[in-house]
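The values are calculated or read from the model by the stated rules, or taken from the named source; none is laboratory data. Since the structure is predicted, the reported quantities are computational estimates derived from the model, not experimental observations. Note that we place each Cβ from the backbone using ideal geometry, even for glycine, and neighbour counts take in every protein chain shown.
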Amino acid sequence: MRLDDYDDSIRVEDQRGRGGGFGGGGGGLPFGLLSLIGSRFGIGGIIVVVIGMALFGGLGNLLGGGQQGVVGGPVASGPTGAKSIAESCNVNAFSHESCNALASLNHTWEPILAKAGINAAAPKLVFYSQAGQSGCGAAQSAMGPFYCPTDQGIYIDTDFYTEMDKKMGAGGDFARAYVMAHEYGHHIQSLTGLSDQVHQAQQRDPSRANQLSVRLELQADCYAGVWAAKNRDRIEPGDLEEGLRAAHQIGDDTLMKAAGRRPVEAAFTHGSAAQRMTWLRKGLDTGNEDQCDTFADMAG
């Protein structure tokens, strides 16, 4: 996908290279973070935490520590003082791609949200390596990329993209852009208040928690497709196939099979491969965010 270079519309925080300073922790995720991952996080989530332990060699110890500051414009925070956005976005090719995707997402969604009367605050992009800190608690690379509504941050360890390619068979620049666009979809859900509504519904009826989580994730997939459709002139041959293949490879059933588990629909939190492909394609085909109501057929 041919995206323009990032501009000063993006906010970036860089936690990579931060040494020491973390308090040691025991194994396992805090219950509050685990619950939030299960109900809200994107391509990461509980499934990827579990699958990540199988595919990526385990979570290791939990790490904690102080948060890095974040500013917009020309400067981003860093472990040893201020780093420019250019420095953070050019650590590697995946960083550059992520920054380009964020700028494109900002420019695409801002007028859509403004038309709906929503004051769109752009999310920040947070790079970390192996372990970091988010407004939702500790960040671990085994989670995969995720969105934290508390600080409106999209968190990425760019090594995940290598894992997508080598261990999930979901490589390609459009597949990586889809990851960013999906997480941005969760930002939109946070801005519209849908995430909070779903979380409240899950608390009222825990038996529907997974079902509601799946609907939230599939809508984020659809939003990713809408973004791509509105930038169709940037799409290159093979891009759509990359995106659909990635959607298939991160389906709950595909990930469970990869971990040697029998897929159980009741345990799905993000949707099956078929569902994720269907909703990504719906966004791509319609280019209309109003067609992304994944909750329409739910009673109550």
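Among the helices (runs of 4 or more DSSP H) confined wholly to segment 157-267, which include 2 or more residues that are modelled with pLDDT of 85 or more?
Once the helices (runs of 4 or more DSSP H) in segment 157-267 are filtered for at least 2 residues that are modelled with pLDDT of 85 or more, what remains is 159-168, 173-192, 194-204, 209-229, 239-249.
So which of 283, 271 is small (Gly, Ala, Ser), under 21 Å from the mean Cα position of the chain (by Cα) and assigned to a helix (DSSP H, G or I)?
Just a single option satisfies the conditions, and that option is 283.
Looking only at residues in segment 226-262 that are touching a Leu at 6+ places or on another chain (Cβ under 9 Å) and over 24 Å from residue 166 (Cα atoms), which one is surrounded by the fewest Cβ atoms within 10 Å (Cβ to Cβ)?
Result: 232.
Could you count how many residues in segment 82-104 are assigned to a helix (DSSP H, G or I), crowded, with 18+ Cβ neighbours inside 10 Å and more than 18 Å from the chain's Cα centre (by Cα)?
2
Of everything in segment 164-219 that's among the acidic types (Asp, Glu) and crowded, with 22+ Cβ neighbours inside 10 Å, which residue is farthest from residue 110 (Cα to Cα)?
Out of the qualifying residues, it is 217.
State all residues of segment 154-170 that are farther than 23 Å from residue 273 by Cβ and acidic (Asp, Glu); if no residue qualifies, say none.
Scanning segment 154-170 gives 157, 159.
Mind listing whichever residues of segment 217-240 are of a type in the set (D, E, K, R) and under 20 Å from the mean Cα position of the chain (by Cα)?
217, 221, 230, 239
Among the numbered criteria (1) surrounded by 15 or more Cβ atoms within 10 Å (Cβ to Cβ); (2) outside any helix (DSSP H, G or I); (3) touching a residue at least 24 places away in the same chain (Cβ under 8 Å); (4) in contact with an Asp or Glu (Cβ under 9 Å, 6 or more places away or on another chain), which one does residue 295 miss?
Among (1) surrounded by 15 or more Cβ atoms within 10 Å (Cβ to Cβ); (2) outside any helix (DSSP H, G or I); (3) touching a residue at least 24 places away in the same chain (Cβ under 8 Å); (4) in contact with an Asp or Glu (Cβ under 9 Å, 6 or more places away or on another chain), the lone unmet condition for residue 295 is (4).
Only residues in segment 234-257 that are under 13 Å from residue 2 (Cα atoms) count as the first member; pair them with residues that are among the aromatic types (Phe, Trp, Tyr) and part of a helix (DSSP H, G or I), Cβ under 7 angstrom, at least 6 apart or cross-chain, and list the lot.
Taking only residues 6 or more apart or on different chains, the pairs are 239/174.
Quick check, is residue 91 in contact with a Gly (Cβ under 8 Å, 6 or more places away or on another chain) and of a type in the set (Val, Ile, Thr)?
It is false that residue 91 is in contact with a Gly (Cβ under 8 Å, 6 or more places away or on another chain) and of a type in the set (Val, Ile, Thr).
Scan segment 197-204 and tell me whether some residue there is closer than 21 Å to residue 5 by Cα, charged (D, E, K, R) and over 16 Å from the mean Cα position of the chain (by Cα).
no
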